[in-house]
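The block underneath contains the structure these notes are about, expressed in structure tokens.
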Amino acid sequence: MKELVILSGKGGTGKTSLTAEFAAISNSRVLCDADVDAADLHLLMAPEIKLRADFKGGGLAFINQDKCIECRECIELCKFDAISDDFIVSEIDCEGCGVCVDLCPEKAIEFPIQTCGEWYISETRFGPMAHAILGIAQENSGKLVALVRQEARKLAEKKGMNLILTDGPPGVGCPVIASIGGATAILIVTEPTVSGIHDMKRAIELAAHFKVPAMVCVNKYDLNPDQAKNIENLVEKQNLTFLGNIPFDPVFTKSMVQGKTIVEYEKDSSTLQVIKNIWEKIMGSHEMNSIN
């Protein structure tokens, strides 16, 4: 079983759109939306939810007023100023570190585990999908990403599928780290801008640190061909695989408005042929060529 994780280093590069196109092109795969903080792959996949479950993350401090002797030890200990002078814990400010719970002399502070979001197993027109949504202002997105990927692997094993397509989170933080551990390869989708190049470099460094092979493609390359060429040269200097350039094309937006992929919306699109070529290069790469 192989897993291809599509990353971007920053939001807005077209990572999710490209994941959806790959889902429409490929065979024998499970879809996984690991961008739990801002999940949107479901908008194109229109999943039919088969299983819904709560995700329980970290704890939230709660002061039992019957046991509290108002010694103010917890107020002094809290580095986040989450406890008021009348010994009420702010749900917004509490970071769930548990220091007040451990060091309260009267053991008056409880630490119930919170429901932070939901995760789902669904069916889509392109196959099974594991996805999730983290609650507003909730923490532990890294744990939820790991859970969703685990469920995607279970799905693949159950269905006898040999490929997992994972739409990863943007950036290089905890959720991204949780999305690439154990992956077969990473596809970094970037754009020909200064910020796009900067964040692509960070994603490449992250992949190298965790020893996960990385490939790169440029979306909307014709908005700045010179920068696109700079990206290609940079990638090749680092001995990584450069897969190609995708042009800026309104067909992406037009198809998304209809809730469709380009494969479904405009089969004769020249941009679709570019995407198919990139997919063939991925499947022919050293890291992924064992997939039938």
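The values are calculated or read from the model by the stated rules, or taken from the named source; none is laboratory data. Just so we're clear, the structure is a prediction, and the values are computed from it rather than from any experiment. Glycine gets a Cβ as well: all are built from the backbone with ideal geometry, and neighbour counts include every protein chain shown.
Annotations for the structure displayed:
- When restricted to residues that are in a strand (DSSP E or B) and within 17 Å of the chain's Cα centre (by Cα), the stretch 108-156 contains 12.
- Candidate set from the stretch 137-167 (those that are in contact with a Leu (Cβ under 6 Å, 6 or more places away or on another chain) and at pLDDT 95 or above); member that is surrounded by the fewest Cβ atoms within 10 Å (Cβ to Cβ): 165
- Of all residues in the stretch 116-141, none that is free of Cβ contacts under 8 Å to residues at least 24 places away in the same chain has its Cβ atom under 8 Å from the Cβ atom of a residue that is surrounded by 19 or more Cβ atoms within 10 Å (Cβ to Cβ) and assigned to a loop (DSSP other than H, G, I, E, B), 6 or more apart or on another chain.
So that you can scan it fast, the table gives a plain yes or no per residue for (1) part of a loop (DSSP other than H, G, I, E, B); (2) more than 30 Å from the chain's Cα centre (by Cα); (3) of a type in the set (Gly, Ala, Ser); (4) exposed (fewer than 13 other Cβ atoms within 10 Å of the Cβ):
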site: 5; (1), (2), (3), (4): no, no, no, no
site: 17; (1), (2), (3), (4): no, no, yes, no
site: 24; (1), (2), (3), (4): no, no, yes, no
site: 31; (1), (2), (3), (4): no, no, no, no
site: 58; (1), (2), (3), (4): no, no, yes, no
site: 70; (1), (2), (3), (4): yes, yes, no, no
site: 76; (1), (2), (3), (4): no, yes, no, yes
site: 86; (1), (2), (3), (4): yes, yes, no, yes
site: 95; (1), (2), (3), (4): yes, no, no, no
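- Verdict on residue 123 being not assigned by TED's automatic domain parsing to the domain that holds residue 162 and not small (Gly, Ala, Ser): no
- Scanning the stretch 152-175 for residues that are closer than 18 Å to residue 57 by Cβ and touching a residue at least 60 places away in the same chain (Cβ under 8 Å) yields 169, 175.
- Test: residue in the stretch 193-201 that is surrounded by fewer than 21 Cβ atoms within 10 Å (Cβ to Cβ) and of a type in the set (A, V, I, L, M, F, W, C): yes
- Residue 53, sole failed condition from (1) modelled with pLDDT of 95 or more; (2) more than 30 Å from residue 158 (Cα to Cα); (3) surrounded by fewer than 17 Cβ atoms within 10 Å (Cβ to Cβ): (2)
- One residue stands out in the stretch 191-212 among those that are part of a helix (DSSP H, G or I) and either of a type in the set (Val, Ile, Thr) or not assigned by TED's automatic domain parsing to the domain that holds residue 174 (or both): the one that is modelled with the highest pLDDT, namely 204.
- Looking only at the stretch 213-268, and only at residues there that are touching a residue at least 40 places away in the same chain (Cβ under 8 Å) and assigned to a loop (DSSP other than H, G, I, E, B), the one that is nearest to residue 190 (Cα to Cα): 220
- Matching option when the condition is in contact with a Gly (Cβ under 7 Å, 6 or more places away or on another chain) and charged (D, E, K, R), among 29, 52, 125: 29
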